[in-house]
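Peer 1: Starting off with a structure, shown below.
Every number in this text was worked out from the coordinates using simple rules, so none of it is lab data. Please read these numbers as outputs of a predicted model, since none were measured by experiment.
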């Protein structure tokens, strides 16, 4: 895989009808996939080295990003999803790699305004169920 433009990573939300809308112009973003190990080490483990149980621990994904809203409608949709505490299906599109899709909840939504610049926002999402990965 060759180098890619960071600005091409897209964040999309299901607008409630099954259609995914790009919600923001993210300037910085980070997608993290994590799996918690389950330690099954016991007294007879070889050399007392830790042993892990494959595929047993919970998996999760988190996304953090900052940028500017694409338009008033996307700002309103994300704000409403946050205030209603909804879990919606989201897509994180990583160009030349794939699409991570599934239910996420907004865990943090911040706005920031500098005197001589545009209003920006920061968002954090936490996975809330099974995710899929589709190669593109």
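Peer 1: Over the chain, with a single point scatterer placed on each C-alpha, what log10 of the ratio I(q)/I(0) does the Debye formula yield at q = 0.14 1/Å?
Peer 2: -0.70
Peer 1: Picking from 82, 69, 97, which is most flexible by a Gaussian network model of the chain using Cα springs under 10 Å?
Peer 2: Residue with maximal mean-square fluctuation among 82, 69, 97: 97.
Peer 1: Also, quick follow-up: Could you work out [θ]222 nm for the chain from helices alone, using -39500 (n - 2.57) per DSSP H run of at least four and dividing by all its residues? Round to the nearest 500 deg cm²/dmol.
Peer 2: Computed mean residue ellipticity for the chain: -3000 deg cm²/dmol.
Peer 1: Given a 10 angstrom Cα cut-off, can you work out which residue in 29, 80, 101 is the most mobile in a GNM of the chain?
Peer 2: Ranking 29, 80, 101 by mean-square fluctuation puts 80 first.
Peer 1: A follow-up question, please. For the chain, modelled as a GNM with alpha-carbon contacts under 10 angstrom, which of 111, 49, 90 fluctuates the most?
Peer 2: 49
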